[in-house]
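Down below is the structure, laid out as structure tokens.
What follows draws every value from the coordinates through simple rules; no lab data is involved. On a predicted model such as this, the values are computed, not experimentally measured, just so you know. We place every Cβ from the backbone using ideal geometry, glycine too, and count neighbours over all the protein chains shown.
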Amino acid sequence: MQMVSLKRGVSQNMGFATAVLLLLALYLTYNMMHPRGFSSAVAIQNSNETVAIAFVAMAQTLPVLLGGLDLSVGAVMTLTNCVASLLLNGSPAQILLGMGLTLLTGTMFGLMNGLIVVYGRIQPIIATLATGAIAMGLALLIRPEPGGNVDGDLGWALTNSVWDLADTYGFADGGDAWWLRPFADIPVPFLLVLFVAIFVWLPFRRSVTGRTVYAIGSAEGAAYMSGLPINRAKIAAFTLGGFFAACGGLYLAIQTSSGNADIQQAGAYTLNSIAAVVLGGTSLLGGTGGAIGSLIGAMILRVISFYFRILDIDPLLQPLIEGLVLLTAVSFGAFRTLRVKNQLDLFR
Amino acid sequence: MRMSISIENRPIVIASLFIVVILIAGTAYTLSTTGTAPLLSANYLLQQLQTGSFLGICAAGMMMVILLGHIDLSIPWTLTAAAMTATAVGGDLALPTALAVGLAVGLLNGFGVAYLRIPSMIFTLGVDTVLRGLMVAQTGGFAPQDKATPLMLFLAKDKILGIPAAIVVWAAVSLIIMLVLTRTGFGRSIYATGSRERAAYLSGIRTRSVIIGAFVVSSLCAAIAGVLLAGYSAKAYQGMGNAFLLPAIAAVVLGGTHILGGKGRYIGTLIGVILIVLLNSVLSIMQMPEAGRQIIYGSVIIGMLLVYGRNQRITS
């Protein structure tokens, strides 16, 4: 009985399972080849570089589950990045308030996206194309030149290991308490992403609103006829997407202690987030997948780029290899077409 | 008599009215600041349309793909790759080379979407990344020739009978696309496939070939735009196509083409392009900083779609 349900669980989450295995294989090999592999320092550096794209990929997941696409995630992340670069300094209370305001900015922007999509009845992809431009404009207003002023202690504490966090803020005997020892070497950024995934994404997925998001992605008409709260679910999905994007922007500001309203960078984040979502096993047609998968997908994307540092590859060939890997990875989806028994099933 | 406008033409009429509003607002601004009205001079408008022709040609190709309910995100680097290989080859072969690059990319995109059934959103994105990689690898190690050939310079900068050649090329492309969409079986098949691929397939349309055809047209248009842009700036450079992707999508949608496919007229796309080009030029006359431009740009798209781009309410 147990075996059967496990088998079914894996076969229904093929994309996700493949992504996890791929990530494990890639990352273990990476650490074995790295001269200082399996050390805290390498893990800290890697996780620092992954956080922003991981959050943005999670943000992209929700609209994709609805069967849409959010072209504004990169711009919202940039906007919140600029907001955070202004607010994250002063007394601890001021810093906390700044964090709250940053997250609120992104969440409100997501809410606006949701309201436009639901009550304006505009296709998500085109509505967010426009609101993305607005977000970039606001980001440029806030920060015409790159720069910022982020509290140094905060930047140090959140971008290193748990021991450094405890050491900086002087709790748990400055990091030497016995109960902290098992966790002392874990990178804080990794825990932050995990925290948001477990305490924000999982409860949402289990709620009626979250399930409705999946239902809408599978068959909107059927979801409507079943009396599910369609409008609420759509608005909630975009709002939560905005919140995740804000988490990414907030962390990027803490990590780089600056804000940068760069249109190219925002576009790159948006496009990479789509790639990460697909790699993580979420269908672009909506209805299947999840934010955890996208998290894995984002990590895979990043690990591939880490390889360039340890392998002696001509830097000029790097973009080409990145592109080929991405194209090959998404082409695996084509196996679906071989299994189809009725040609008509290929057409939506 | 009460004017009645069919649903299909409403976007076109409203977008045209908005163009007039932009022209009036811009002229009012220049009259009040400098006392001149450059926006209404034919020369200035032709010059704006000349720079707008690159966007116009990209949007023409993009429209074919959007009519199918797909999207082509590989336009930026198809444009760049075509321009860079054309200038690297040089001479008489430059133009055929660019078109060959466009053809190859289009076939690849079409194959991935039509046969492998990978969503166009992600497949064309992957192709775009690969093209970028190829161009970086090609030009990074050594510097190939990047000067535009005389023919490219002529097409982009010279005038034919007083009209900039780039506009003539744009008009030719527009005419061909318009004829294809309204007068040929291929055009009809595009609308049918975009409305419901399953039904189109069952009624005997070879939908796979139609999809490949549309992607080839899109990439060819991007290649032509690349050749013109290389001629206009006298050289090909990396990232020259980045500024065209989102405005092209916006122009097509503002012109009333449905983003999920099946509906839309080419004249609308034409008007969408002119709207975006004029909006941009009025904003630069007003010396609007980049921040304000982005905000206004986004608000205009949202505002116009709220007027006429709304979906049906889901009821079953």
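Data table
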read-out: B:Leu23/B:Arg188 FRET efficiency (R0 45 Å; Cβ-Cβ; nearest 0.05); value: 0.80
read-out: Pairs of lysines in the protein assembly as shown (C-alpha under 25 Å apart; 8 or more residues apart or interchain); value: 6
read-out: Fully extended contour minus Cα-Cα distance, from A:Gln343 to A:Ala219, at 0.36 nm per residue; value: 42.6 nm
read-out: Per-pair calculated FRET efficiency, R0 = 30 Å: A:Met108 and B:Ser284 via Cβ, rounded to 0.05; value: 0.45
read-out: For region A:3-104: rounded, prolate or oblate by the Cα gyration tensor [a/c cutoff 1.5]; value: oblate
read-out: Net length gained if the chain between B:Leu31 and B:Asn43 were fully extended (0.36 nm per residue, minus Cα distance); value: 2.6 nm
read-out: Förster radius 30 Å - calculated FRET efficiency between B:Arg198 and A:Val10 (Cβ-Cβ, nearest 0.05); value: 0.45
read-out: Label-reachable residues, region A:216-256, where backbone N falls under 18 Å from a point 7 Å from A:Val208's Cα toward its Cβ; value: A:216-217, A:222-237
read-out: C-alpha center-to-center spacing [region A:5-42, region B:74-130] in angstrom; value: 34
read-out: Exposure proxy ranking, count of Cβ atoms within 10 Å, fewest first, for B:His70, A:His34, B:His258; value: A:His34, B:His258, B:His70
read-out: Approximate spin-label separation A:Leu24-A:Trp179, in nm, with each point projected 7 Å along Cα-to-Cβ; value: 3.2
read-out: Label-point separation, A:Thr328 to A:Asn89 (7 Å along Cα→Cβ), nm; value: 4.7
read-out: Estimated distance in nm for a label pair at A:His34 and A:Leu316, the labels positioned 7 Å out from Cα along Cα-to-Cβ; value: 2.9
read-out: Anisotropy class of chain B from Cα gyration tensor, a/c 1.5 cut; value: oblate
